[in-house]
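The structure appears right after this line, and notes come after that.
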Ligand code: FAD
Ligand code: GLY
């Protein structure tokens, strides 16, 4: 139990990449007493399971507010990686070889043509490659290839190193870390935040940030109402092969799957998209599908040793966009959840935007489209 009632200036609930990035940004903006409350251990959920791709161009279907947010966050990464290395000595392995997106069928070819056209029109860096050019860059790619795109600015980080760096950084900044502390409810009096009730006692604060990933809908308020933002867990299974020498250098997508070569010789292959509640099991069907999609990209994956596998829960809102910012109906309540497939990519910018809104009282125009207000953030009292 906590010794007496604790208090803080800001409480961040959830120690995944999003909660950690927000806590660090708050400390950098001079908020002295930040408490980060994590149910188990830091960064052990979706942020640990992720593939670490920073790939807005490879994943986007069009230029909308989400694409703008994602590109802006990707562009923060070089400075973010440098700062974290200087602060902590940990290299998050920002690997800038780039990303390939492959076409194996006529439909895939239409898909890459569409992507190439809208991205060129939007003035983005994208290269169209013939099958021979792509296979020249990555000889492991299947001979069935029909064509490819290369996104030189879509890169990757080692997300587990990112968690280690952020965890070290927040400790160094003097953030109060409460791990093994489950937040049972958010204490709201009238329409004003008072703090949180945890399994280790209450913590009082005028500002609470909800960064609880796929578990966000399970949080209650003190009057037993559930909070108004709905977030659903979406399972993603991953396989990890050993590839020494490295089979590839680019992150490689097809419309059905992806492979991610790590600097240490691991080759990740993903993933599935499954709405099965809070179940994090690997399944035969998942392993079969991921393997088939990886083999379609690079047949040589078939002879690599399979050394690890895991599944994680992506946090998904009703419109699949993250929910970031203040809840107008409850003073002091902020959200940073629902980052779905792109939480690693969006972490640096989410941290900045939430910290900015808390410290200045103003929301940057970039987050308007992601406000909790779009889910009619009312009725928590
Ligand atoms: P989490 O990392 O899940 O953290 C939430 C934390 O809140 C957890 O530690 C949990 O214990 C804690 N918590 C929950 N409830 C409570 C409570 N009541 N009290 C206290 N603590 C609580 N994103 C990318 O950008 N690039 C990728 O390549 C990529 N690949 C992915 C591949 C897979 C297979 C998966 C599953 C996800 C992938 N993602 C990727 C998505 C990314 O992992 C997530 O969007 C991101 O990790 C979400 O971070 P988070 O901090 O919101 O959630
Ligand atoms: N962004 C990759 C995934 O969620 O699987």
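Residue-by-condition table, conditions (1) more than 16 Å from ligand 2 (Cβ to nearest atom); (2) modelled with pLDDT under 95; (3) surrounded by fewer than 17 Cβ atoms within 10 Å (Cβ to Cβ):
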position: 313; (1), (2), (3): no, no, no
position: 317; (1), (2), (3): no, no, no
position: 321; (1), (2), (3): no, no, no
position: 327; (1), (2), (3): yes, yes, no
position: 333; (1), (2), (3): yes, no, no
position: 336; (1), (2), (3): yes, no, no
position: 350; (1), (2), (3): no, no, no
position: 378; (1), (2), (3): yes, yes, yes
position: 381; (1), (2), (3): yes, yes, yes
Residue within region 286-294 that is more than 13 Å from ligand 1 (Cβ to nearest atom), touching a helix residue (DSSP H, G or I) at 6+ places or on another chain (Cβ under 7 Å) and farther than 17 Å from residue 141 by Cβ present: no
Hey, residue 307 modelled with pLDDT of 95 or more, within 28 Å of residue 271 (Cα to Cα), away from ligand 1 (no atom under 11 Å from the Cβ) and in contact with a strand residue (DSSP E or B) (Cβ under 6 Å, 6 or more places away or on another chain) or not: yes
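Taking the options 93, 111, name whichever one is crowded, with 17+ Cβ neighbours inside 10 Å and within 14 Å of ligand 1 (Cβ to nearest atom). Walk me through it before giving the result.
On the way: 111 fails: within 14 Å of ligand 1 (Cβ to nearest atom).
Of 93, 111, the one residue that is crowded, with 17+ Cβ neighbours inside 10 Å and within 14 Å of ligand 1 (Cβ to nearest atom) is 93.
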Lone unmet requirement of (1) more than 23 Å from the chain's Cα centre (by Cα); (2) in contact (Cβ under 8 Å) with a residue 40 or more places away in the chain for residue 95: (1)
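Report whether or not residue 302 is within 17 Å of residue 53 (Cα to Cα) and touching a helix residue (DSSP H, G or I) at 6+ places or on another chain (Cβ under 6 Å).
Numbers: within 17 Å of residue 53 (Cα to Cα): no; touching a helix residue (DSSP H, G or I) at 6+ places or on another chain (Cβ under 6 Å): yes.
No: the conditions fail for residue 302.
Does residue 269 fit the bill of being over 24 Å from residue 94 (Cα atoms), in contact with a helix residue (DSSP H, G or I) (Cβ under 7 Å, 6 or more places away or on another chain) and within 11 Å of ligand 1 (Cβ to nearest atom)?
no
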Set 60, 50, 35: member being farther than 18 Å from residue 343 by Cα and either within 16 Å of ligand 2 (Cβ to nearest atom) or in contact with a strand residue (DSSP E or B) (Cβ under 7 Å, 6 or more places away or on another chain) (or both): 35
Pick from region 113-137, criterion outside any strand (DSSP E or B) and in contact with a helix residue (DSSP H, G or I) (Cβ under 9 Å, 6 or more places away or on another chain), ranking: farthest from residue 296 (Cα to Cα): 122
Enumerated strands (runs of 3 or more DSSP E) restricted to region 151-229, each holding at least 2 residues that are closer than 30 Å to residue 75 by Cβ and either more than 16 Å from ligand 2 (Cβ to nearest atom) or touching a helix residue (DSSP H, G or I) at 6+ places or on another chain (Cβ under 7 Å) (or both): 207-210
Failed condition for residue 264, given (1) in a loop (DSSP other than H, G, I, E, B); (2) touching a strand residue (DSSP E or B) at 6+ places or on another chain (Cβ under 8 Å): (2)
Residue identified as more than 17 Å from residue 160 (Cα to Cα), under 22 Å from the mean Cα position of the chain (by Cα), modelled with pLDDT of 95 or more and more than 11 Å from ligand 1 (Cβ to nearest atom) among 261, 255: 255
Qualifying positions in region 13-59 - away from ligand 1 (no atom under 13 Å from the Cβ), surrounded by fewer than 24 Cβ atoms within 10 Å (Cβ to Cβ) and not in a helix (DSSP H, G or I): 29, 30, 31, 32, 33
Tally of residues being in contact with a helix residue (DSSP H, G or I) (Cβ under 8 Å, 6 or more places away or on another chain) and part of a helix (DSSP H, G or I) across region 66-112: 16
Test: residue in region 244-259 that is outside any loop (DSSP other than H, G, I, E, B), more than 19 Å from residue 54 (Cβ to Cβ), in contact (Cβ under 8 Å) with a residue 40 or more places away in the chain and away from ligand 2 (no atom under 13 Å from the Cβ): no
Residue within region 208-228 that is within 14 Å of ligand 1 (Cβ to nearest atom) and on the phi > 0 side of the Ramachandran plot present: yes
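Could you say which residue among 130, 185, 142 is free of Cβ contacts under 8 Å to residues at least 40 places away in the same chain and within 29 Å of residue 268 (Cβ to Cβ)?
Values: 185 fails: within 29 Å of residue 268 (Cβ to Cβ); 142 fails: free of Cβ contacts under 8 Å to residues at least 40 places away in the same chain.
The conditions single out 130.
The values are calculated or read from the model by the stated rules, or taken from the named source; none is laboratory data. This one's a predicted model, so the numbers in the text were calculated from it and none came from an experiment. FYI the Cβ positions are ideal-geometry reconstructions off the backbone, even for glycines, and counts take in every protein chain you see.
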